[in-house]
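The values are calculated or read from the model by the stated rules, or taken from the named source; none is laboratory data. Since we're looking at a predicted model, the values are computed, not measured. When we count neighbours, we look across all protein chains shown, and the Cβ atoms used for this are built from the backbone with ideal geometry, even at glycine. These area figures cover heavy atoms from the full protein model, side chains too; ligands, DNA and RNA do not enter into them. Shrake-Rupley method; radii C 1.70, N 1.55, O 1.52, S 1.80 Å.
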Amino acid sequence: DFKTALESNPEKNEYKWFTGGRLNASENCLDRHLKNGKRNKAALIWQGEPEEEVRVFTYHMLHRKVCPIYLPMVPELVISMLACARIGASLPRMECSAGAKQFP
């Protein structure tokens, strides 16, 4: 656990933020909301095209959702990233604007 927010040595141009701190994105984005009474509140609102295509996910729904890793820009992409964070897996960033054909 971190003791200070910033350790700095301006003469050497060295700055360390939250030394010793740890971040679990899944805990921060999901789990804490399951425990504080927000489990059924909207956590992710996705607006598609056409405009009437709207999907709403609660914190509870996100917590329970499992999906594949290769995804276009849809809510499941966020869900996959959070799932990887939950288990400590790294998720390499791939540019997918060209579509699936760019991947072998």
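Proximity of backbone amide H atoms, modeled 1.01 Å from N, is registered between residue 58 and 43 at under 5 Å, excluding neighbours fewer than 5 places apart on the same chain. Extending 7 Å from Cα along the Cβ direction at residue 5 and again at residue 52 yields two label points whose distance is 4.8 nm. Each peptide among 41-47, 11-17 gets the average number of other Cβ atoms lying within 10 Å of its residues, and from highest to lowest they stand as 41-47, 11-17.
Remark on residue 18: its backbone amide H falls under 5 Å from those of 6, 7, a criterion applied only to residues 5 or more positions apart or on other chains, H modelled at 1.01 Å from N. How big is D, in µm² s⁻¹, for the range 13-60 by Stokes-Einstein at 10 °C and 1.306 mPa s if Rh is the Kirkwood radius over C-alpha pairs? For the chosen part, D equals 119 µm²/s.
Evaluating 6.51 cos²θ - 1.76 cosθ + 1.60 at θ = phi - 60° for every residue in the range 12-17, the Karplus couplings come out as 9, 6, 10, 9, 10, 9 Hz, glycine and proline recorded as x. Note on exposure: 57, 2 ranked by accessible area (1.4 Å probe, complete protein assembly) read 2, 57, with the most exposed listed first. Pairs of Lys residues in the range 1-67 are counted when their Cα atoms are under 28 angstrom apart and they lie 8 or more places apart or on different chains; the count is 6.
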